[in-house]
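The values are calculated or read from the model by the stated rules, or taken from the named source; none is laboratory data. Given the structure is predicted, the values throughout are model-derived calculations rather than measurements. Reconstructed Cβ throughout: ideal geometry from the backbone, glycine too, with neighbour counts over all protein chains shown. Please note that ligands, DNA and RNA were not included when accessible areas were found on the heavy atoms of the full protein model with its side chains. Shrake-Rupley method; radii C 1.70, N 1.55, O 1.52, S 1.80 Å.
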Amino acid sequence: MAIPSVSLAILLLALRFLLAWDPSATTVTASRSGGLAQKAGAISSGASDRSECNGRWIYIRELPSRFNTDLLATCDDFPILFEIREQPEKSIIPFLANHGLGPRTHNRSRSWYRTEPLFFELFFHRRMLEYPCLTADPVAADAIFVPYYTGLAALPFLFSPAHWNFSALHGRDLAKWLIRRDRPAIWARFGGHNHFLAVAGSASDFDNDPAQTPLWGTAFLSLPEFYNLTVFTLESRAWSLQEHSVPPPTSFHPANLARLDAWLARARRSRRPTLMLFAGGAAPGSGRPNVVSSIHAECELRRDLCELVDCSGGVCIHDPARFMRPMLRARFCLQPPSETPTRRSTFDGILAGCIPVFFEEASAANQFGWHLPRRRYDEFSVLIPKEEVMFGGQRIADVLEAIPPARVRRMREAVLELAPGVMYRRHGSSAALRARKDAIDLAIEGALRRIQRRVQAIQKGKDALLLVGDNEEEWDE
């Protein structure tokens with residue numbers, strides 16, 4: 001769906017205005033450049049306010065709009081993107097509505113939106129503007145947020161043939177701005193170790209060698225200038241350096257606690273006659289063994305136990321009703337790896353109270369450690385090695401049917417306990433809902449912990465990068 005250029009201009013102006021608007025009388029407002037401008041006397045001097053923000057102060061770097069909001073106008077300039085996705089819509093501009101949450105699924109909807117994953121950076125930025133512990137003093141900050149729309153800036157290098165040979169340039173202009181042009185002392189103080197940003201994509205799309213011309217992707221994460229960044233990505237690499245994976249955005253964005261609790265109550269009481277469900281594309285036609293083909297074959301044979309939700313052609317990307325209703329009827333949701341190890345469907349299923357079934361560690365415990373505690377995976381998920389399914393004759397239904405009903409109920413309850421922490425609440429939400437930590441809250445807490453350890457190491461004369469690894473990420477409480 002194309003939209004007139006006049007309407008697009010009005011939409012982008014509205015977004016810029018709203019990014020400068022303070023809807024809940026918080027302590028800061030966004031400046032025209034995309035950063036923050038301190039209101040005189042806005043940050044409370046009360047002792048309770050200061051104590052609640054100890055170790056949590058965040059400063060937002062001021063970036064020219066070419067690094068963020070200007071990029072929104074170019075989203076539809078890459079036809080190859082729509083060809084690869086095979087999605088029915090030929091424009092993603094309409095999904096800019098509600099600061100990137102997308103339009104509501106229907107007029108009466110209050111919590112469900114047609115969310116476009118590419119706009120994750122936009123609504124993350126919007127949420128950062130209402131973070132309760134913002135400061136206008138970068139020296140006083142415990143961490144510094146960079147509102148760069150990395151995934152949107154990468155679109156020309158990924159989907160425009162004229163730019164494919166120049167993908168190593170992705171991010172270099174940002175590095176120059178942060179390190180040399182805009183108050184270099186902010187970056188130099190800790191060499192970038194106290195900076196973080198969000199990326200709408202998988203880390204593997206941004207880790208190419210800058211000295212080589214890749215077949216796909218950019219070199220953003222491989223730029224030496226950014227080795228010290230903390231980066232939120234929607235999927236991390238097997239051996240991550242800068243990044244930590246955060247849940248891909250689902251379509252559920254409640255604005256108050258009553259709506260969250262109402263949805264969780266519905267998921268708890270939902271009758272689940274279906275043993276297992278798979279929501280995804282058609283089985284690959286390569287002829288080579290793969291777990292998705294095995295799942296399709298078993299489901300075709302056992303339609304009494306398994307439901308297939310066909311998401312071919314991108315029809316599920318912006319239409320959550322296609323898969324959420326079936327997920328509410330299923331006890332287990334199958335989450336095999338596809339082109340990449342992880343699936344957004346995992347988090348859709350968690351919101352529906354559908355117990356995830358993984359087929360390799362890379363899809364599960366090696367990801368999302370701040371949101372899905374590694375030591376609890378046995379409590380809320382099932383792992384069936386894909387090799388046993390593909391080559392060992394293991395029937396998935398046999399494994400799942402063997403789990404006692406009492407344990408299934410406990411697992412479902414554990415899944416629903418995790419649900420608030422993997423959803424992204426709507427900006428401007430109620431105080432009661434803000435008291436429940438969502439995916440952004442947990443990501444910020446994790447980044448602050450990581451940055452604190454690195455800064456402390458620097459102050460002690462140690463190499464901060466040596467702290468990165470499993471021991472750093474295991475902060476689950």
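A few comments on the model shown:
- Cβ-based charge dipole, the chain, positive-most Cα from N208, F145, P284: F145
- Calculated on the alpha-carbon coordinates, the convex hull of region 188-333 measures out at 168 cubic angstrom per residue.
- Put the Cα centre of region 168-243 next to the Cα centre of region 320-353 and the gap is 31 Å.
- Portion, in percent, of the accessible area of the chain that falls on carbon or sulfur, probe 1.4 Å: 54
- Given R0 = 56 Å, the distance between the Cβ atoms of R329 and Y227 translates into a calculated FRET efficiency of 0.75.
- Listed by chain and number, the aspartates and glutamates whose alpha-carbon sits under 18 Å from that of K462, ignoring those within fewer than 8 places in the same chain, are E472.
- Over region 339-477, the ratio between the Cα radius of gyration and 2.2 N^0.38 Å evaluates to 1.26.
- Annotation: for a label point projected 7 angstrom from Cα along Cα→Cβ of R268, residues of region 416-433 with backbone N closer than 12 Å are 416-417.
- Cβ-based net charge around D182, under 11 Å, with every Lys or Arg adding one and every Asp or Glu removing one: +4
- Angle in degrees between helix 5-19 and the longest Cα principal axis of the chain, rounded to the nearest 10: 70
- To the nearest ten degrees, helix 291-301 and the longest principal axis of the Cα atoms of the chain are 40 degrees apart.
- If R0 is taken as 45 Å, the Cβ-Cβ distance between A255 and D209 corresponds to a FRET efficiency of 0.55.
- Protection proxy ranking of 132-144, 148-160, by the mean of other Cβ atoms within 10 Å over each peptide's residues and highest first, is 148-160, 132-144.
- Helical mean residue ellipticity (222 nm; -39500 (n - 2.57) per DSSP H run of 4+; nearest 500) of the chain: -9000 deg cm²/dmol
- Counting only residues at least eight positions apart within a chain, or on another chain, the aspartates and glutamates with an alpha carbon under 19 Å from that of K90 are D76, D77, E116, D319.
- Net dipole in debye of the chain [+1 Lys, Arg Cβ; -1 Asp, Glu Cβ; about Cα centre; nearest 20]: 1400
- Evaluated on the chain, the Kirkwood hydrodynamic radius is 23.3 Å, with distances taken between all distinct Cα atoms.
- Kirkwood Rh, angstrom, region 61-201 [1 / mean 1/r, Cα pairs]: 16.8
- 5 angstrom amide H check on F332, placed H, neighbours 5+ away: M276, L277, I355
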